[in-house]
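Beneath this line is the structure, given in structure tokens, with notes to follow.
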Amino acid sequence: MRKLNLIFVVLLFVACQDDYTPKPMGYFRIGLPEKSYSPVEGNSCNYTFGLNDAAVFKELQNRKCWADVVYPNLKATVQLTYYDLKEKDLEGLLKEGQRMAYSHTSVADGMQERFYDNPDKKVYGLVYRMKGHVATSTQFYLTDSTDNFLRGVLYFYSSPNPDSLRDVNEFMQEEIIQMVESLEWKNGLQ
């Protein structure tokens, strides 16, 4: 028995002579939905846009035309807030949207602003993209300058780890650009 234990100890030391290389950290692969879009149907708001068929448009009951665009498989939500400019001051809304976007710069690794201008549809606005460990990586606001103002904020219902969320974040940023570029005001051109 002693001989067997001695052989085991010798084999253990011999077997452990090679350098051990641990496997690198990895993340689960997240399946992204297909890019298939339909107009937002059945809402009572002054706006519509192309909505991914994998997303759900949920109009909030307590605020007129506020809504969530939910991507259940990605644990992502784009929260939309709408204001009628006959009831609110455009300048104040623009300052508030900018303030809320810039409030993330203290923790962001960087921020990119992209101006959006579509005179044919009377849609103008800004899209903010933040990098790093931020609570929201993408925000935007759109207006026709006279009647409508829409603000959107992307949230993930998970830890804001930019490495593990990179693919989903890029996908959602493309989804927001799709929303912005396809947005139309229902009350028509003035």
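At-a-glance table
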| read-out | value |
| --- | --- |
| Failed item, numbered, when Gly92 is tested on (1) small (Gly, Ala, Ser); (2) surrounded by 15 or more Cβ atoms within 10 Å (Cβ to Cβ); (3) free of Cβ contacts under 8 Å to residues at least 12 places away in the same chain | (2) |
| Residue in the stretch 92-114 that is touching a Ser or Thr at 6+ places or on another chain (Cβ under 9 Å) and within 23 Å of Glu184 (Cβ to Cβ) present | yes |
| Among (1) surrounded by 19 or more Cβ atoms within 10 Å (Cβ to Cβ); (2) part of a loop (DSSP other than H, G, I, E, B) - the single one Glu175 does not satisfy | (2) |
| Members of the stretch 129-148 found to be modelled with pLDDT under 85 and either of a type in the set (A, V, I, L, M, F, W, C) or assigned to a loop (DSSP other than H, G, I, E, B) (or both), listed by number | Met130, Gly132, His133, Val134, Ala135, Thr136, Ser137 |
| Count of the stretch 106-116 residues which are in a strand (DSSP E or B) and open to solvent by less than 80 Å² (accessible area, probe 1.4 Å) | 3 |
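The values are calculated or read from the model by the stated rules, or taken from the named source; none is laboratory data. These numbers come from a predicted model, not from an experiment. So basically every Cβ, Gly included, is an ideal-geometry build from the backbone, and we count neighbours across all protein chains shown. These accessible areas exclude ligands, DNA and RNA; they are computed on the full protein's heavy atoms, side chains included. Shrake-Rupley method; radii C 1.70, N 1.55, O 1.52, S 1.80 Å.
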